[in-house]
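Undergrad: Following this message is one structure expressed as structure tokens.
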Amino acid sequence: MRALIVSDVHSNLEAFQSVIDDARFRGGFDQIWMLGDLVGYGPDPDQCIDLIRRFDHLAVAGNHDLASIGRLGLDMFNSDAADANRWTSTRLLDEHRNYLDALALCEQADGFTLVHGSPRDPVWEYVVSADSAQATFEDISTNWCLVGHSHIPFVCRESVNGVRFTETMDGSVEELGSGKLIINPGGVGQPRDADPRAGYAVFDSASNTVTHHRVEYDIAATQEKMRRHDLPLFLVERLAHGR
Ligand code: ZN
């Protein structure tokens, strides 16, 4: 069993398609696991939902998914994010609105818990350090937990010596073993670790590993569509910097 682990696609079709193509090239996958924020920020919300639905997949909802269908107030977001969510909500087809509305906040598969933020607050909490990871280790009933939301790829491991938090790079391979782990695959559609390439990870049950990958995509094409739709300039420009 191989799962393509993605998070924070954020309506970036070029990035999402590049991730899928790259994962296929690197041995393929049986299922996509999506950790939330499929929409928001970017120019192609309907197209990204269409794309994931072509695959066997398991997905949870993120804060932007819920805001774009009116289940979270836009006052919880900064003004650029709120503007983009308002725009997204005017675009979404009813069928896609229903798709997002039906997503659970937490799923489990093959020994993993899947959430957007954290198990205790799937919508908003950021796991970004050893300290913030502590509660997650206590909250999960599975050995391993997959989170998104921060758009920063990392692995966090619990051991007798404490909690070790490591940001990961392209090609990092994590042996799963028996200890507890939290893994963030990074952001597909809006990376924030100063590397503008789309981030994703692959779980391989045969080798019992999770491998992080980065892949280039046509950033200029996404930016051009965002400008055409008058999406906030800050959101357009940050794609080139990966911040
Ligand atoms: Zn996000």
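The values are calculated or read from the model by the stated rules, or taken from the named source; none is laboratory data. What you see is a predicted model, and the numbers here were worked out from it, not measured in a lab. Positions of Cβ are backbone-derived with ideal geometry, glycine not excepted, and every protein chain shown enters the neighbour counts. The protein model used for the area step is the full one, side chains on, heavy atoms only, and it has no ligands, DNA or RNA in it. Shrake-Rupley method; radii C 1.70, N 1.55, O 1.52, S 1.80 Å.
Undergrad: Could you check how many residues of the stretch 7-34 are out of contact with any strand residue (DSSP E or B) (no Cβ under 6 Å at 6 or more places or on another chain) and not basic (Lys, Arg)?
TA: Number of matching residues: 15.
Undergrad: I would also like to ask the following. Select from the stretch 34-51 the residues that are more than 16 Å from the ligand (Cβ to nearest atom) and open to solvent by less than 30 Å² (accessible area, probe 1.4 Å) and write down the one among them that is farthest from the chain's Cα centre (by Cα). Full working, then the answer.
TA: Here is the first cut: in the stretch 34-51, the residues more than 16 Å from the ligand (Cβ to nearest atom) are 46-47, 50-51.
Going one step further and asking which of them are open to solvent by less than 30 Å² (accessible area, probe 1.4 Å), we end up with 46, 51.
Details: Asp46: 17, Leu51: 15 Å.
Filtering first and then ranking leaves Asp46.
Undergrad: Does the stretch 87-99 contain any residue that is within 16 Å of the ligand (Cβ to nearest atom), over 13 Å from Asp37 (Cα atoms) and not in a helix (DSSP H, G or I)?
TA: no
Undergrad: Still on this structure: Output the number of residues of the stretch 52-79 satisfying the condition of being of a type in the set (Ser, Thr, Tyr) and open to solvent by less than 50 Å² (accessible area, probe 1.4 Å).
TA: So the count comes out to 1.
Undergrad: Residue under question is Asp193, and the condition is that it be part of a loop (DSSP other than H, G, I, E, B), in contact (Cβ under 8 Å) with a residue 24 or more places away in the chain, in contact with a strand residue (DSSP E or B) (Cβ under 6 Å, 6 or more places away or on another chain) and open to solvent by 20 Å² or more (accessible area, probe 1.4 Å); does it hold?
TA: No, not satisfied.
Here's the yes/no breakdown for (1) touching a strand residue (DSSP E or B) at 6+ places or on another chain (Cβ under 6 Å); (2) over 24 Å from Val127 (Cα atoms); (3) surrounded by 20 or more Cβ atoms within 10 Å (Cβ to Cβ):
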position	(1), (2), (3)
Asn208	no, no, no
Arg214	yes, no, yes
Tyr217	yes, yes, yes
Ala240	no, yes, no
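Undergrad: Pull up the stretch 168-190, narrow it to residues that are of a type in the set (A, V, I, L, M, F, W, C) and open to solvent by 10 Å² or more (accessible area, probe 1.4 Å), then point me to the one that is farthest from Leu235 (Cα to Cα).
TA: Val173
Undergrad: Hey, can you tell me all the residues within the stretch 1-33 that are hydroxyl-bearing (Ser, Thr, Tyr) and either under 12 Å from the mean Cα position of the chain (by Cα) or closer than 18 Å to His116 by Cβ (or both)?
TA: Result: Ser7, Ser11.
Undergrad: Suppose the filter is in a loop (DSSP other than H, G, I, E, B), within 14 Å of the ligand (Cβ to nearest atom) and farther than 30 Å from Ala221 by Cα; does Pro122 pass it? Working first, answer last.
TA: Details: in a loop (DSSP other than H, G, I, E, B): yes; within 14 Å of the ligand (Cβ to nearest atom): yes; farther than 30 Å from Ala221 by Cα: yes.
Spelling it out, Pro122 is indeed in a loop (DSSP other than H, G, I, E, B), within 14 Å of the ligand (Cβ to nearest atom) and farther than 30 Å from Ala221 by Cα.
Undergrad: Something else: Would you please name the residue that is nearest to Lys225 (Cα to Cα), looking only at residues in the stretch 103-126 that are free of Cβ contacts under 8 Å to residues at least 60 places away in the same chain and open to solvent by 80 Å² or more (accessible area, probe 1.4 Å)?
TA: My answer is Tyr126.
Undergrad: If I ask for residues that are under 15 Å from Val9 (Cα atoms) and not hydroxyl-bearing (Ser, Thr, Tyr), which ones from the stretch 214-237 would you list?
TA: From the stretch 214-237, those under 15 Å from Val9 (Cα atoms) are 214-219, 222-223, 226, 235-236; that's our starting set.
Hits for the stretch 214-237 are Arg214, Val215, Glu216, Asp218, Ile219, Gln223, Met226, Leu235, Val236.
Undergrad: Kindly indicate the residue of the stretch 52-78 that is charged (D, E, K, R) and either within 15 Å of the ligand (Cβ to nearest atom) or touching a residue at least 12 places away in the same chain (Cβ under 8 Å) (or both) and also farthest from Gly187 (Cα to Cα) among those meeting that condition.
TA: Checking each candidate, the answer is Arg71.
Undergrad: What are the residues in the stretch 1-32 that are within 16 Å of the ligand (Cβ to nearest atom) and not in a helix (DSSP H, G or I), if any?
TA: Within the stretch 1-32, Ile5, Val6, Ser7, Asp8, Val9, His10, Ser11, Asn12 qualify.
Undergrad: Follow-up question, since we're still on this one. Name the residue, out of Phe203, Phe165, that is on the phi < 0 side of the Ramachandran plot, aromatic (Phe, Trp, Tyr), open to solvent by 10 Å² or more (accessible area, probe 1.4 Å) and assigned to a strand (DSSP E or B).
TA: Residue meeting the stated conditions: Phe165.
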